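Here, each number is a calculation from the coordinates, and none is a lab measurement. All values reported here derive from a predicted model rather than from experimental measurement. We place every Cβ from the backbone using ideal geometry, glycine too, and count neighbours over all the protein chains shown.
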Amino acid sequence: MKKGNWEYQRRKMVEIQLIGRGIRDKKVISAFLKVPRHEFVPPPHREDAYGDFPLPIGEGQTISQPYMVALMTELLLLKGEEKVLEIGTGSGYQTAILAEIAKSIYTVERIASLLERAKEILEFLGYKNIHFRVGDGTKGWEENAPYDAIIVTAASPEIPPPLFEQLKEGGRMVIPVGNRMGQDLIRVTKKDGKPKKENFGPCIFVPLIGEYGWKNGN
Ligand code: SAH
């Protein structure tokens with residue numbers, strides 16, 4: 001399949017990879033139908049943008065598999081009015097999906113070149129509800145806290161305490177927790193100030209590197 005078929009490929013991705021595996025949230029599905037994933041995949045792999053796998057985006061980082069982006073988004077239970085914190089901007093694709101659904105997105109990335117690239121694409125696509133920051137996302141983004149939802153798209157050895165603190169009462173955080181080789185996808189809900197955890201099964205992400213993640217990254 002070649003260029004020009006992007007829309008067709010996108011529909012197939014949604015039918016087979018998302019709906020076929022149980023993604024049901026209508027807002028998530030319409031966001032996936034709309035956001036041009038190929039714009040977020042750098043040229044060497046662009047033709048594979050709608051494939052059922054993660055892809056390299058430079059700096060040793062990856063754009064997550066479409067299903068994983070959909071599942072994590074669905075687990076946040078967004079209705080439309082939320083303020084969302086995203087840690088690990090990467091390509092900016094997940095950011096765009098969130099920006100389609102929620103009210104405002106605060107996204108933090110530790111690698112400046114990736115953030116710059118993501119910002120350019122997201123601005124080119126016309127998103128106005130995204131706020132960008134380069135830095136260590138394990139500390140969150142305190143100035144704008146608390147958040148209705150927090151999504152961490154890199155693997156963490158534990159739930160970074162500042163992120164849980166910056167979550168609103170009743171808010172949800174989705175984060176892969178485990179070791180470098182493999183993690184579990186965890187949803188943490190803040191209930192009466194305490195974490196209620198649910199496990200949605202195994203996953204593999206690049207490491208979260210920072211004060212409350214892994215300290216020695218590269
Ligand atoms: N959602 C992104 C995932 C990118 S991979 C996408 O689908 O494109 C995870 C990203 O987390 C990488 O870009 C990595 O640089 C970033 N990251 C790792 N540790 C981080 C930290 N402490 N703060 C912010 N970003 C971090």
- Please state which one of 186, 204, 150, 209 is within 18 Å of residue 60 (Cα to Cα) and buried (at least 17 other Cβ atoms within 10 Å of the Cβ). 209
- Task: Go through the residues of the range 161-173 one by one and say whether even a single one is within 16 Å of the ligand (Cβ to nearest atom), within 17 Å of the chain's Cα centre (by Cα) and within 25 Å of residue 22 (Cβ to Cβ).
- Result: yes
- Message: Which condition from (1) within 12 Å of the ligand (Cβ to nearest atom); (2) touching an Asp or Glu at 6+ places or on another chain (Cβ under 9 Å); (3) without any contact (Cβ under 8 Å) to a residue 40 or more places away in the chain is the one that residue 104 breaks?
- Response: (1)
- Item | Out of 66, 43, sole residue that is farther than 22 Å from residue 155 by Cα and more than 9 Å from the ligand (Cβ to nearest atom) | 43
- Message: Any residue that is part of a strand (DSSP E or B), of a type in the set (Ser, Thr, Tyr) and closer than 18 Å to residue 85 by Cα - is there at least one of those in the range 184-199?
- Response: yes
- Exception for residue 176 within (1) in a strand (DSSP E or B); (2) under 23 Å from residue 214 (Cβ atoms); (3) in contact (Cβ under 8 Å) with a residue 60 or more places away in the chain falls at (3)
- Message: Pull out all pairs, ordered by first then second residue, where Cβ-Cβ is under 6 Å, the residues are six or more apart or on different chains, the first lies in the range 202-216 and is touching a residue at least 12 places away in the same chain (Cβ under 8 Å) and aromatic (Phe, Trp, Tyr), and the second is outside any strand (DSSP E or B) and more than 6 Å from the ligand (Cβ to nearest atom).
- Response: 212/160
